[in-house]
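Trainee: Sending over a structure as structure tokens; questions will come in a sec.
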Amino acid sequence: MKTILILAVIGGFIGYITNAVAVYLLFRPYEKVGPFQGLIPRRKAELAASLGRTIENELINLDGIITNVVDELDLEKVKQEVAAKLSKALKEELPAIVPPALIDSLVNKYIERRGDELFQDLIHSLSQNTSNLQVVSRHVEQKILELDLARVEELVYEVARTQLQFIIWLGGVLGFIIGVIQGLLVIYVL
């Protein structure tokens, strides 16, 4: 029985330490030391690109974002602002003989009559432009590349601390079980 307990404790210790080292080596060393470098530091650029593509292809729906932004806007207020800016621009460009009140009246009537249609066309055009998503993807990728590796490690631990601890402890439990099996084999088979 003493042999089984000793082998179980040794196996548990080895399993725990092995998994703790494996989790540690996900991030460390940050810089290459001989042939060794942590998995995440070594593959940071690939991870950043992959995350950017995932966000672009699977997480972000540009049409949905634009729709949500538009839903949050007071469309009437936006139309008034566009009309005011358009009137101002036309007053600066047209000859002074054109009465400013006429410009205001024509712009306001046009926006009132066609404004909703114009904004819907603009929204549709923006949502069809997939290069906007590529900008988001590249921005995410760049931001990840700019992150300090210690901060990346900290972020991963914030999100997955429980799971990483579970992996470490699971190594100890599995090692303990293997130690018990080894002890039983030593006593009863050999």
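Since every read-out is calculated from the coordinates, none of them should be taken as a lab result. Note that the coordinates shown come from a computational prediction; the quantities given were computed from them, not determined experimentally. Here Cβ is always computed from backbone atoms with ideal geometry, including for glycine, and neighbour counts include all displayed protein chains.
Trainee: Can you name the helices (runs of 4 or more DSSP H) wholly within the stretch 93-190 that have at least 3 residues being more than 33 Å from the chain's Cα centre (by Cα), surrounded by 12 or more Cβ atoms within 10 Å (Cβ to Cβ) and not polar (S, T, N, Q)?
Mentor: By residue number, 100-128, 149-188.
Trainee: Output the number of residues of the stretch 1-52 satisfying the condition of being in a helix (DSSP H, G or I), surrounded by fewer than 17 Cβ atoms within 10 Å (Cβ to Cβ) and not hydrophobic (A, V, I, L, M, F, W, C).
Mentor: Final tally of qualifying residues: 7.
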